[in-house]
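Read-outs throughout are calculated quantities, based only on the coordinates presented, and are distinct from any laboratory measurement. Since the structure is predicted, the reported quantities are computational estimates derived from the model, not experimental observations. Here the Cβ is made from the backbone with ideal geometry for all residues, glycine too, and neighbour counts use every protein chain on show.
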Amino acid sequence: MGCGSGEDPTAVMREFLREAGGCAVIDGGLATELEAHGANLNDPLWSAKCLISSPHLIAKVHLDYLEAGANIIITASYQATIQGFESKGFSREEGEALLQKSVEIAQEARNIFVKASSRKRPILVAASVGSYGAYLADGSEYSGEYGDAVTLETLKDFHRRRLQVLAEAGPDLIAFETIPNKLEAQAYAELLEENDIKIPAWFSFNSKDGVNVVSGDSLLDCASIADSCPKVAAVGINCTPPRFIHALILSARKVTDKPILIYPNSGERYDADKKEWASTGVSDGDFVSYVSTWRQAGASLIGGCCRTTPNTIRAISRALQCS
């Protein structure tokens, strides 16, 4: 799905959606499923730890989501950064190779699924880029509070090489996920332009009140940054309780005509100090009961984030009937 010279990323995304039947299914929680398969993710690298210790589990989870009906699988690179790997004793080159590996695992899982499946549907691989807060592993991706010392240039310097490596690995999309503030959105937009990234991107923000992103910055301002970046093919929300999603879709619609994507969490709250999910979320049935409302409000790419499972995605796929 990479954009050639002169191709509009949004037009490319709209063509993918047309081929998918008008809407597409994004996969669900990666870490949740890795833990269900026995992975211990109590580590600053989180699910990216499995790139080192158990890549076969990542492939298994990708396949589980494809079998559940996903049109888009997101790589295990959310918390994978060159700096994070270096802090674990890996060289810069080894860290870059692990980033590439995250894309290769997803691509291979797709190839296996397509060869085994009699029912053809369009399937994309999205390379995940988590926020600066995800690298810090201190919960600041859920607050957007990085401190005054972290500037636009700080963020651009942090993300630049990682973005280049992931783009060179050849995914279909770059998924900038759980963006907690306007500053980081601006950093991503500038990096996409300055590095002339040819892979279509999406920007996905997180909210805890249904009005603003988690830092308190206006969702309207954040979505406007995404809308004004020609490299961005879709705009939306992830890792946000389902009850807030409808209002957020309507807000985003006010400032962008680009496709809207949403992949909420289960509604549980993450305790950054204890590093655990601290409250009860909605059931798969309750989660899926929202889907038609989200679709009617304008979302055309729908999936799940933390604490959702292949069962959630299977139910979404059935509800949408677009795969």
Open item on the list: To check you understand DSSP bridge types, tell me what percent of the beta bridges within the stretch 109-221 (both residues inside) are antiparallel, rounded to 5.
Closed with: 10
Task: Burial ranking of peptide ranges 161-167, 34-40 (average Cβ count within 10 Å, highest at the top) - done: 161-167, 34-40
TODO: Report the extension gain between LYS88 and THR293 in nm, rounded to one decimal, defined as 0.36 nm multiplied by the number of residues separating them, less their alpha carbon distance.
DONE: 69.4 nm
Open item on the list: Antiparallel versus total DSSP beta bridges in the chain: what percent is that, nearest 5?
Closed with: 10
Open item on the list: If I stretch the segment between ARG160 and ALA36 completely, what's the gain in nm (0.36 nm per residue apart, minus their alpha carbon distance), one decimal?
Closed with: 41.3 nm
Task: Extension gain, ASP209 back to ARG318 (0.36 nm per residue minus Cα-Cα distance, nm) - done: 36.4 nm
TODO: For an R0 of 35 angstrom, estimate the FRET efficiency from the Cβ-Cβ distance between ARG119 and GLU7 and round to the nearest 0.05.
DONE: 0.80
- [ ] Let me see the pair-distance distribution of the stretch 47-112: every alpha carbon pair, 10 Å bin width, integer percents in order.
- [x] 23, 51, 21, 5
- [ ] Pairs of Cα atoms under 8 Å, at least six residues apart: use those to get the relative contact order of the chain, whole percent.
- [x] 22
Task: Whole-number percent relative contact order across the stretch 140-194, with pairs defined as alpha carbons under 8 Å at least 6 apart - done: 52
Open item on the list: Starting from the 7 Å offset along Cα-to-Cβ, what nm value, one decimal, do you get for the label separation of LEU220 and GLU153?
Closed with: 3.3
Task: Cα Rg over Rh - the chain, Kirkwood - done: 0.92
TODO: Give the peptides 109-118, 55-64, 175-184, 22-31 in descending order of average Cβ contacts within 10 Å, highest first.
DONE: 175-184, 22-31, 55-64, 109-118
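Could you please tell me the mean projected area of the C-alpha convex hull for the stretch 110-199, averaged over all directions and given in square nanometres to one decimal? Write down the numbers at each step before the final one.
Details: hull surface 28.4 nm².
Taking a quarter of the hull surface, the average projection is 7.1 nm².
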TODO: Give me the distance in nm between label points sitting 7 Å out from Cα along the Cα-to-Cβ direction at ALA137 and ARG253, one decimal.
DONE: 4.1
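Using the structure shown, select from LYS101/LYS198; LYS120/LYS254; LYS49/LYS198; LYS120/LYS208; LYS208/LYS254 the pairs with a Cα to Cα distance greater than 31 angstrom.
LYS120/LYS254; LYS120/LYS208
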